[in-house]
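Heads up: the structure comes next, in structure tokens.
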Amino acid sequence: MKVVLSIAGSDSSGGAGIQADLKTMTAHKVYGMTAITALTAQNTTGVTDIMEASPEFLGEQIEACLSDIPCDAAKIGMLPSAEQVKVVHEKLTKYKVKNLVVDPVMVATSGSSLMKDSTAEVMARLLFPISRVITPNIPEAQALTGLKITSRKDMEKAAEELGNESGCAVLLKGGHSIEDASDVLYENGKLTWFEGKRIESSNTHGTGCTLSSAIASNLALGLSLEDSIRNAKAYISDAIASGLNLGKGSGPLDHMVNL
């Protein structure tokens, strides 16, 4: 049994965060463990409150997991504070965690801010260099690079800049593009496009969490990064196309669509 650790926030409505991660891991037949960075009161229409875990308690959760059950991959989602980032870096370095997938979650699908302004710089400095891949969307990549991204060429430039600065692979997601839902991977000087058709659906709550968890699960199963991304995108497309249609806002995916 392969093991994946999720370090992320809790979504009380079950569509994103820790809950989406565990469902995704179960769908990929890997064993999921969690370290919760924050509790959120949220649903498909937005986030109404956030209660952060202390950095010390977050560290204790990671320590409890990894001191007992080593993981084959890990994913990082919502990290609200720089102090939390530092603790996560310390623990993942201590246990030499491989196949780290970082989803630099800055804003929820509903538009609610999930990260303090100073945190992104610390995350980029400490976590990106130890990552297998980071998975920013277009708004996140713009915030991290300062570049304006309006075309495929812009996506390639931003992914290359991020990859060269951080020393890890970068999957720049095109879901916020007006053209299509294609993503570009920059790895070791090489650009690879993963074509995706835009699915007309309002049920996209938790897509970023789900994609990063699916990539981590596939990496834990021994697949290459390209194959992990390809499989994860196919899984996401099926989960969106299923049309679960819950809630009054941006509804969740059908994580168990293939079971």
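Some notes on this structure:
- Heavy-atom accessible surface of the chain: percent carbon and sulfur, 1.4 Å: 52
- From the C-alpha gyration tensor of region 189-239, square roots of 5λ in Å: 20, 14, 9
- Backbone N within region 42-56 under 18 Å of label point (7 Å from LYS248 Cα along the Cβ vector): 42-49
- Of all DSSP bridge pairs formed entirely within region 1-138, close to 30 percent run antiparallel.
- Working from the Cα coordinates of the chain, the gyration tensor eigenvalues give, after taking √(5λ), semi-axes of 23, 21, 19 Å in decreasing order.
- Solvent-accessible area per residue in region 13-71 equals 46 Å², computed with a 1.4 angstrom probe and all protein chains kept.
- Each of the GluC sites (Glu not before Pro) that DSSP puts in a loop and that has at most 13 other Cβ atoms within 10 Å breaks the chain; the longest unbroken stretch is 1-178.
- Each peptide in 13-21, 66-74 gets a packing score, the mean of other Cβ atoms within 10 Å over its residues, and the list from highest to lowest is 13-21, 66-74.
- Beta bridge orientation in the chain: antiparallel %, DSSP, nearest 5: 45
- Shown here for region 192-254: trypsin sites (Lys or Arg not before Pro) in loop regions (DSSP other than H, G, I, E, B) with at most 11 other Cβ atoms within 10 Å, namely LYS197, LYS248.
- Links that overshoot a 19 Å alpha carbon limit, given the list LYS29/LYS233; LYS75/LYS157; LYS157/LYS190; LYS29/LYS91: LYS75/LYS157; LYS29/LYS91
- For region 157-217, the solvent-accessible area works out to 43 Å² per residue, with a probe of 1.4 Å and every protein chain left in place.
- Full-extension gain in nm, LEU191 to LEU259, via 0.36 nm per residue minus C-alpha separation: 21.2 nm
The values are calculated or read from the model by the stated rules, or taken from the named source; none is laboratory data. These numbers come from a predicted model, not from an experiment. Quick reminder, even Gly has a Cβ in these numbers, built from the backbone with ideal geometry, and neighbours come from all protein chains shown. For accessibility, only protein heavy atoms count, side chains too; no ligands or nucleic acids. Shrake-Rupley method; radii C 1.70, N 1.55, O 1.52, S 1.80 Å.
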